[in-house]
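The structure appears below as structure tokens.
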Amino acid sequence: MPDKDSLTREYISQPNVFAEIFNYLIYGGVQVIQPGQLAEADTRQTLVLGQKGGKRTLERYRDLFRKLVAKTDGEKVLALLGIENQTEIDYGMPARIMLYDAISYDILMRKAWRDVMASGWKGPFTSSLPRERRIKPVLTGVIYFGTTPWDAPVSLREMIDFPDESFRDLVPDYRLNLMAPAFIPESHLGLFKTDIPLLARFLRCAGDGESLERLLESDESFSSVDGLMAGLLNKLTNSSLPINKTKGKTNMCKAIDDIRNKSRAEGIATGRAEGIATGRAEGIATGRAEEQAANIAQIIRYQLTKNIAHGDLVDTLTCVFHLSAAEAEQRIRQVTMA
């Protein structure tokens, strides 16, 4: 069975999914980039250091790298797009992505210089590029598949311990283009045309058997899921959803009984651990309620740090956890006042 990294890479490498991620990051979900505009680029990135006689190289490998080409001829490169998949939180991610992009820009500059020299340019050798020459943009997205909020720095400045605030404005910042499917507001999921909303909703409910059970029963998109998505969900959430290997599609609703039984067992265990002696039924109820309350609080805290609009946060809680608007407002107040 492939590991998490292999499955996330395979999933994101699908042209329609890759294009949709950047349509969300760049254009707010408007379908501007088409899958047919994406061409393979070398994921091995090499930085050449030093001069002749003393050269050495630094190599890094990207998870996924694509050229964005023009719709008109399919040849003209408009930009370079990379994606790094994360199943775990990386507290040094801004510096890591900055290095990847810096190497990509160095490669672009060296290629531009070779092209200029091949054209017979006779200008002075005082710069790595002629004044009028421009290079293409490099944009890297970080896709975080975790179910706990990303609490790591999202910019270079957040990583740095400045001796005083005078340094802060002079140190160039480098921000992550971070997308965490489990924490995309529910109101934004309608922007997607692929199965990213299915992934997002499942990840959000994965730690809450009762919410997951309701999701699988109510969302028709789970009635037919391809084998790649089913395998990905299994790995990311440590689930055991059935995969139909003959037809290539999985009816996720058949997993409801397994989820129900697992949730019941977890509820009983939680109830016993806390010394609840009033029986199995109360143990189940208490375990589920506390688990759901923790998940709700976690999502509220994360989305508040991202300045998600209040209405979008309420919408997410009502859709995912089937709360009333008044209950959602109460949960938000509890978290903000804690």
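No value in this document is a laboratory result; all are computed from the given coordinates. These numbers come from a predicted model, not from an experiment. Cβ sites come from the backbone with ideal geometry, for glycine too, and all protein chains shown count toward neighbours.
The label point for R175 and the one for A118, both projected 7 Å from the Cα toward the Cβ, are 3.7 nm apart.
So for E290, E59, fewest C-beta neighbours within 10 Å to most, what's the order?
E59, E290
Between T72 and H322, full extension at 0.36 nm per residue minus the direct alpha carbon distance yields a gain of 85.3 nm.
Neighbour counts of other C-beta atoms within 10 Å: give me V335, V314 arranged from fewest to most.
Values: V335 15, V314 21.
Lowest count first: V335, V314.
Run through segment 1-63 and list the trypsin sites (Lys or Arg not before Pro) located in a DSSP loop whose Cβ has at most 10 other Cβ atoms within 10 Å.
Working: sites: K4, R9, R44, K52, K55, R56, R60, R62; in loops: K52, K55, R62.
Within segment 1-63, the qualifying trypsin sites (Lys or Arg not before Pro) (loop, at most 10 other Cβ atoms within 10 Å) are K52, K55.
Here the simple spin-label model places points 7 Å from the Cα toward Cβ, and for L129 and S155 these points are separated by 2.4 nm.
Taking amide hydrogens as placed 1.01 Å from N in the peptide plane, the amide H of L64 sits under 5 Å from those of I83, each at least 5 positions away in sequence or on another chain.
Cα gyration tensor of segment 23-87, axes a ≥ b ≥ c as square roots of the eigenvalues: rounded (a/c below 1.5), prolate (a/b > b/c) or oblate? It would help to have the intermediate numbers written out before the result.
Working: a/c = 3.23, a/b = 1.85, b/c = 1.74.
Here segment 23-87 falls in the prolate category.
For segment 1-59, a simple Cβ point-charge model (Lys and Arg +1, Asp and Glu -1, everything else neutral) yields a dipole of about 440 debye relative to the Cα centre. The H on the amide N of Q14, modeled in the peptide plane, is under 5 Å from the matching H of no residue at least 5 residues off or on a different chain. About its Cα centre, the dipole of segment 124-224 is roughly 840 debye, where the only charges are +1 on Lys and Arg Cβ and -1 on Asp and Glu Cβ.
How many percent of DSSP beta bridges within segment 4-179 run antiparallel, rounded to 5?
Numbers: 16 of 26 bridges.
The antiparallel proportion sits near 60 percent.
Of the chymotrypsin sites (Phe, Trp or Tyr not before Pro) in segment 172-201, not one is in a loop by DSSP (not H, G, I, E or B) with at most 15 other beta carbons within 10 Å. Each residue of segment 22-36 was assigned a 3J(HN,Hα) from its phi angle through the Karplus expression (A = 6.51, B = -1.76, C = 1.60, θ = phi - 60°), giving 6, 4, 6, 5, 8, 10, x, x, 5, 7, 8, 7, 9, x, x Hz with x at Gly and Pro.
Counting neighbouring beta carbons within 10 Å and listing from fewest to most, the residues K193, K71 come out as K71, K193. The convex hull around the C-alpha trace of segment 4-179, projected and averaged over every direction, spans 13.8 square nanometres. Given L58, W113, V142, which one lies farthest toward the positive end of the charge dipole of segment 1-157, if we put +1 on the Cβ of every Lys and Arg and -1 on the Cβ of every Asp and Glu? Of L58, W113, V142, it is W113.
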